[in-house]
Amino acid sequence: MKKIPAKQTILAFESSAERCEVALLCQGQLSSLSESAARAHARRLLPMANELITAAGLASVSEIDVLAFDAGPGGFTGLRIAAALVQGLAFAGGQSVAGISSLHALAWQRASEEGLDPGDRFACVIDARMAEVYWQIFEVADKGTNELPFRAVGEAQLSTPEACLAQLEAEAVRLMTGDYFAVSTSAPDELRVVIDQPSAESIALLAARRTGNTTVEMPAAAIPVYLRGASAWKKTTHKTDPSN
């Protein structure tokens with residue numbers, strides 16, 4: 001557990017990648033559970049959440065103030081599972097919801113890395129399958145002038161890995177984090193790669209920053225961000241021979 005300041009009780013879900021994670025921020029304490037549970041997110045998220053709630057001495061999810069989730073981009077099925085779970089719980093219990101970008105969660109995890117200075121740029125890159133990647137460039141923020149340890153440089157993008165790497169070179173980015181290059185060996189030698197995935201703890205901490213300063217959202221706002229059009233995920237249908 002990590003002791004941090006917190007005003008609200010936040011339950012966070014992370015299922016955008018291979019790991020299945022849940023984190024609970026309660027009375028200044030951050031606890032979490034993580035499992036390697038590819039294709040089992042729908043079955044494991046709620047039991048893991050209940051385990052954390054019980055360990056924290058809470059009666060049920062009704063005592064949670066905010067339900068947070070990784071809103072993407074990321075794995076299509078995993079994003080939908082977490083969003084649907086959060087939306088269902090929030091509609092039933094009346095909690096607010098907070099959707100957090102997976103790229104921002106990765107940026108949070110990397111921006112405080114030792115050896116990085118304010119102004120240093122890095123990229124978060126996630127495998128989008130279909131020979132594409134989700135990516136966004138960030139820079140380390142001055143702790144004295146910015147609420148978060150990072151700031152975004154441009155919007156989140158979906159492109160081929162080659163287009164992403166070309167832009168990183170143009171922006172003089174020398175550090176990249178994410179999961180794409182865990183399955184690819186095409187990263188140039190001058191680019192330092194840190195393999196990582198968004199964590200539920202980062203989702204909870206970013207949600208805490210949001211709820212402390214802005215209005216959180218209603219349950220209907222628990223919607224994933226895909227970047228890729230939904231039609232691209234549909235399987236190609238095969239025409240049948242009308243004579244059959």
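The values are calculated or read from the model by the stated rules, or taken from the named source; none is laboratory data. Worth saying up front: this structure is predicted, and the values here are computed from it rather than measured. Note: ideal-geometry Cβ built from the backbone for every residue, glycine included; neighbour counts use all protein chains shown.
Filter region 112-138 for residues that are of a type outside the set (D, E, K, R) and more than 18 Å from the chain's Cα centre (by Cα) and give the result. Before the answer, list the steps.
Taking region 112-138 as the starting set, the residues that turn out to be of a type outside the set (D, E, K, R) are 112, 115-116, 118-119, 122-126, 128, 130-131, 133-138.
The answer is G115, L116, P118, G119, M130, A131.
Checking A55 against (1) surrounded by fewer than 22 Cβ atoms within 10 Å (Cβ to Cβ); (2) closer than 30 Å to D127 by Cβ: exactly one of these is not met. Which one?
Every listed condition holds for A55 apart from (2).
Of A141, A98, which residue is within 17 Å of the chain's Cα centre (by Cα) and aliphatic (A, V, I, L, M)? Step through it out loud before you land on a result.
Working: A141 fails: within 17 Å of the chain's Cα centre (by Cα).
None of the other options fit; the residue is A98.
Just give me the residues in region 133-166 being modelled with pLDDT of 85 or more, of a type in the set (S, T, N, Q) and either within 16 Å of H104 (Cβ to Cβ) or outside the structural domain of F122 (by TED's automatic domain parsing) (or both), in sequence order. Write out each step before concluding.
Step one: filter region 133-166 for residues modelled with pLDDT of 85 or more, giving 133-142, 148-166.
Among the residues that remain, those that are also of a type in the set (S, T, N, Q) are: 136, 157, 159-160.
Correct list: Q136, Q157.
Could you go through region 167-184 and let me know if any residue there is in a loop (DSSP other than H, G, I, E, B), modelled with pLDDT under 90 and either out of contact with any strand residue (DSSP E or B) (no Cβ under 7 Å at 6 or more places or on another chain) or surrounded by 15 or more Cβ atoms within 10 Å (Cβ to Cβ) (or both).
Of all residues in region 167-184, those in a loop (DSSP other than H, G, I, E, B) come to 171-174, 179, 183-184.
Okay, now just the ones that are also modelled with pLDDT under 90, so 183-184.
Remaining after also requiring either out of contact with any strand residue (DSSP E or B) (no Cβ under 7 Å at 6 or more places or on another chain) or surrounded by 15 or more Cβ atoms within 10 Å (Cβ to Cβ) (or both): 184.
Checking region 167-184: at least one residue is in a loop (DSSP other than H, G, I, E, B), modelled with pLDDT under 90 and either out of contact with any strand residue (DSSP E or B) (no Cβ under 7 Å at 6 or more places or on another chain) or surrounded by 15 or more Cβ atoms within 10 Å (Cβ to Cβ) (or both).
When K143 is evaluated against the numbered criteria (1) part of a loop (DSSP other than H, G, I, E, B); (2) touching a strand residue (DSSP E or B) at 6+ places or on another chain (Cβ under 7 Å), which criterion, by number, is the only one it fails?
If we test K143 against (1) part of a loop (DSSP other than H, G, I, E, B); (2) touching a strand residue (DSSP E or B) at 6+ places or on another chain (Cβ under 7 Å), just (2) comes out false.
Pairs under 9 Å by beta carbon, first residue hydroxyl-bearing (S, T, Y) in region 69-89, partner at pLDDT below 95 and not in a strand (DSSP E or B), six or more apart or different chains?
Cβ pairs passing all conditions: T77/S15; T77/R39; T77/H41; T77/A42.
Answer yes if at least one residue in region 28-41 is modelled with pLDDT of 95 or more, closer than 24 Å to V225 by Cβ and out of contact with any helix residue (DSSP H, G or I) (no Cβ under 7 Å at 6 or more places or on another chain), and no otherwise.
Taking region 28-41 as the starting set, the residues that turn out to be modelled with pLDDT of 95 or more are 30-34.
With closer than 24 Å to V225 by Cβ added as a condition, the list becomes 32, 34.
When the remaining residues are screened for being out of contact with any helix residue (DSSP H, G or I) (no Cβ under 7 Å at 6 or more places or on another chain), the result is 34.
Scanning region 28-41, I find at least one residue that is modelled with pLDDT of 95 or more, closer than 24 Å to V225 by Cβ and out of contact with any helix residue (DSSP H, G or I) (no Cβ under 7 Å at 6 or more places or on another chain), so the answer is yes.
Among the residues that make up region 39-47, is at least one of them touching a residue at least 60 places away in the same chain (Cβ under 8 Å), within 21 Å of Q197 (Cβ to Cβ) and of a type outside the set (A, V, I, L, M)?
Here is the first cut: in region 39-47, the ones touching a residue at least 60 places away in the same chain (Cβ under 8 Å) are none.
No, region 39-47 has no match at all.
With V125, V153, V140 as the choices, which residue is touching a residue at least 24 places away in the same chain (Cβ under 8 Å), more than 19 Å from L205 (Cα to Cα) and surrounded by 19 or more Cβ atoms within 10 Å (Cβ to Cβ)?
V125
If the requirement is being of a type in the set (S, T, N, Q), within 18 Å of I223 (Cα to Cα) and touching a Cys at 6+ places or on another chain (Cβ under 9 Å), which of these qualifies: S15, S96, S102, S34? Even if it seems obvious, please write down each step before you answer.
Numbers: S15 fails: touching a Cys at 6+ places or on another chain (Cβ under 9 Å); S96 fails: touching a Cys at 6+ places or on another chain (Cβ under 9 Å); S34 fails: within 18 Å of I223 (Cα to Cα).
Testing whether each residue is of a type in the set (S, T, N, Q), within 18 Å of I223 (Cα to Cα) and touching a Cys at 6+ places or on another chain (Cβ under 9 Å) leaves just S102.
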